[in-house]
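K.L.:
Take a look at the following structure, please.
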Amino acid sequence: MHIEIETTNTSDRQVTARRSGEVFFIREQQALMFKTGQKYPDKFTLNIYFGNDEKLRNATGSLPVGRYQFAEEAFYINNNQQMALNPSRLQPLKAAQAA
């Protein structure tokens, strides 16, 4: 399995937690996920920033166009005890691996 970033375009949004009223700022980027044995990729939205600092979100750059594999360190358990992905831990695929 690997993902592909086709464009450096990002979108920003913010959400407010119902219970606490805390505001979270989000920067997202579109990506494609290629799974072994699947003919077509799945399109999905990758959170490249999710936090409570709007300035940090605005300073977060997009992932460069290319194909990436998941390093084991890319996965972690977030504050809600859900599996999450740290996009800074994605590793570019070498040309031979991407084929």
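The values are calculated or read from the model by the stated rules, or taken from the named source; none is laboratory data. Predicted model only: the values in this text are computed from it and were never measured. All Cβ positions, glycine included, derive from the backbone under ideal geometry; neighbour counts span all protein chains shown.
K.L.:
If I ask for residues that are modelled with pLDDT of 90 or more and of a type in the set (A, V, I, L, M), which ones from segment 55-76 would you list? Spell out how you get there, then give the answer.
P.N.:
First, the residues of segment 55-76 that are modelled with pLDDT of 90 or more: 55-69.
Hits for segment 55-76 are Leu56, Ala59, Leu63, Val65.
K.L.:
Going by the conditions given, is Arg67 in a helix (DSSP H, G or I) and either loosely packed, with under 11 Cβ neighbours inside 10 Å or of a type in the set (Lys, Arg) (or both)?
P.N.:
no
K.L.:
If you don't mind, there's one more thing I want to ask. Only residues in segment 11-23 that are in a strand (DSSP E or B) count as the first member; pair them with residues that are among the small types (Gly, Ala, Ser), Cβ under 9 angstrom, at least 6 apart or cross-chain, and list the lot.
P.N.:
That search, which allows pairs on different chains as well, returns Val23/Ala17.
K.L.:
Look through segment 1-19, keep the residues that are modelled with pLDDT under 95 and loosely packed, with under 12 Cβ neighbours inside 10 Å, and return whichever of them is nearest to Lys94 (Cα to Cα).
P.N.:
Met1
K.L.:
List pairs: first in segment 60-79 and closer than 16 Å to Met1 by Cα, second at pLDDT below 95 and assigned to a loop (DSSP other than H, G, I, E, B), Cβ under 7 Å, 6+ apart or cross-chain?
P.N.:
These pairs meet every condition: Arg67/Leu93; Tyr68/Leu93; Gln69/Leu93; Ala74/Asn86.
K.L.:
While we're on this one: List, please: which pairs have Cβ atoms under 6 Å, are six or more places apart or on different chains, and start with a residue in segment 28-40 that is under 21 Å from Pro87 (Cβ atoms) and touching a residue at least 12 places away in the same chain (Cβ under 8 Å) and end with one that is among the basic types (Lys, Arg) and surrounded by 10 or more Cβ atoms within 10 Å (Cβ to Cβ)?
P.N.:
Filtered contacts from segment 28-40: Leu32/Lys43.
K.L.:
Please find, within segment 29-80, the residue that is nearest to the chain's Cα centre (by Cα) out of those that are among the β-branched types (Val, Ile, Thr) and within 13 Å of Arg13 (Cα to Cα).
P.N.:
Ile48
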